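Throughout, read-outs are computed from the coordinates displayed, never taken from laboratory work. Remember, it's a predicted structure, so these values are computed and weren't measured experimentally. Every residue, glycine as well, gets a Cβ built from its backbone with ideal geometry; the counts of neighbours run over all protein chains shown.
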C-alpha cells in the first residue's frame with residue numbers, strides 16, 4: 001500500500017499512554033543529577049551524603065505531590081515492578097486473613113500476571129468500561145479476600161473508574177485496596193480511600209525506569225523480594241537516582257500545569273471522538289464519553305487490520321498504539337476490549353501530551369478516513 | 001449455511017461473514033467456523049454494529065448469526 005497523495009506533515013507522537021515524551025524539567029533535572037547524584041546514597045562521604053540529600057528531596061517531592069508521608073513511598077525500577085510489588089506484598093501481608101485477590105477485568109497486565117500467582121476473582125465492566133460495583137461489593141465482602149486491585153482509569157480506553165465507591169466497599173469489608181494510578185497521576189486527581197497506590201514516571205513525562213509505590217501507614221506489606229541491608233522496604237539494590245530525581249521534579253512541574261492541560265487535551269479528545277464517528281463509516285468509538293481521562297481516546301474500525309492501520313498511520317508520521325490481536329505480542333485481542341465486548345480489530349488508541357498541538361490532531365483527522373477506506377478497499381469491503 | 005474461516009486471522013472472518021451474509025435469506029442462520037481468538041469477541045460485536053442477531057457459540061470455534069436485515 002502506498003499513500004502518496006498527501007505529503008506527510010511533521011511527525012506527531014500520539015502514544016503518551018505508553019510513554020510520554022520527556023518533560024523539559026525532567027531533562028534538566030536528569031542532567032543535573034547525573035553530575036551530582038551518581039554516588040551511593042548509603043555511603044558516609046560527602047558525595048554519598050549529597051546523593052542521599054537528592055534522594056530525600058525526591059521522596060519529599062513525591063510525598064507532597066501525592067499528599068502522603070515520605071516514609072510511605074518506595075521507588076521501583078518501573079511502574080510494572082511497583083504494581084507487582086504492591087499486589088504480591090499486600091497479599092503476603094494479609095496471608096492470615098485470606099488468599100484471594102479481587103481485581104477488575106481491565107487491570108494492567110502487570111496486575112493480571114501477579115494475580116496468576118495465586119487465587120483471584122475477576123470483576124467485570126460494562127460496555128463503556130465501567131466497573132460493576134455490585135459485583136465488586138459482593139466479591140470483596142466474601143470471606144478469604146486478602147486484597148482488591150482497581151485501575152484508576154483504563155489505560156486502553158480511558159474510562160475513569162469509581163475508585164471512591166469501590167474503596168468504600170473495601171473499607172466496609174476490611175480489605176485493603178490497591179489503585180494502579182499510572183494513567184491518572186500527573187493528569188487528574190485520584191480519589192482517597194485506597195491503601196496502596198502505584199504510578200509510573202514514564203506516563204507523566206518523567207524518564208523511563210521509575211515506578212512509585214505508596215503503602216499507607218498501618219497497611220501490612222511484606223516484600224516479595226529478598227531484602228537488602230537497608231532498613232527501608234523497597235526494591236532491592238541501587239536505585240537509578242538521577243532518574244528518580246528527574247521523575248520527582250517533572251511530577252511537580254506536570255502537576256502545576258495539569259488542570260490547564262486537562263482542559264486543552266480534553267477538548268482535543270472531544271474533537272477526535274466527534275470527527276472520527278462522523279467521518280469514518282462503521283467505526284466504534286469506545287470508552288465512557290464523559291467519565292474519561294482527558295488525554296486518551298480509543299476507537300475500532302470494522303473490517304480493518306489493526307497492524308495495517310498502525311503502519312499506514314506511521315507512514316503519515318503518526319505514532320499510535322492498538323489493542324488489536326495482530327498488533328499484540330500475545331496474538332490475543334486486548335483483554336480490556338474483550339471485557340467490554342467491543343470490537344477488537346482495527347483498534348487505535350490515541351493519547352495526547354503537552355507537546356500535542358491542535359494542528360497535529362487536525363492533520364490526523366484529515367488523513368484517517370482515507371487510510372481506513374484504502375485498507376478496506378484492499379480487503380474487498 | 002456454514003462459512004469456514006478456520007486458520008484465518010482477524011479481521012478476515014468478520015470480513016467474510018459480512019460478504020457471505022448477503023446470500024443468506026433474512027431470518028436464516030449462518031454458522032461461522034473461526035479459530036482466531038478475536039472471533040469470539042468480534043463476531044458478536046459485528047452483529048451489534050450491523051444490527052444482526054448473534055445466536056451464540058454452540059461449540060468451540062463455531063459462531064451462529066441470524067440475518068435480520
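Counting only Cα atoms, I'd like the Rg/Rh figure for segment B:2-66, Kirkwood definition for Rh.
Numbers: Rg = 10.3 Å, Rh = 11.4 Å.
Dividing the radius of gyration by the Kirkwood radius yields 0.91.
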Coordinate range along principal axes, alpha carbons of segment A:296-381, Å, largest first: 33, 31, 20
Segment A:82-138, Cα convex hull volume normalised per residue, Å³: 79
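Restricting to Cα atoms and excluding each atom paired with itself, what does the Kirkwood estimate give for chain A in Å? Write down the numbers at each step before the final one.
Details: mean 1/r = 0.0463 Å⁻¹.
Evaluated over chain A, this radius sits at 21.6 Å.
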For A:278-288, mean number of other protein chain Cβ atoms within 10 Å: 1
Where Rh is the Kirkwood radius over Cα pairs, Rg/Rh for segment A:1-150: 1.11
Burial ranking of peptide ranges B:35-47, B:51-63, A:18-30 (average Cβ count within 10 Å, highest at the top): B:35-47, A:18-30, B:51-63
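Sorted by packing (mean other beta-carbon atoms within 10 Å per residue), highest first, where do A:105-112, B:11-18, A:124-131 land?
Ranked by mean Cβ neighbours within 10 Å, highest first: B:11-18, A:105-112, A:124-131.
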Once the Cα gyration tensor of segment A:270-309 is diagonalised, semi-axes √(5λ) in Å: 19, 12, 8
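Could you order peptides A:172-179, A:352-359 by the average number of other Cβ atoms within 10 Å of their residues, highest first?
Sorting A:172-179, A:352-359 by mean packing, highest first, produces A:172-179, A:352-359.
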Kirkwood hydrodynamic radius over Cα pairs of segment A:105-211, then Stokes diffusion coefficient at 37 °C and 0.692 mPa s, in µm²/s: 232
Relative contact order (%) - criterion: Cα under 8 Å, at least six apart; region: chain A: 22
Degrees, to the nearest 10: A:358-378 long Cα axis against longest axis of chain A: 60
Per-residue mean of C-beta atoms belonging to partner chains within 10 Å, peptide B:8-20: 5
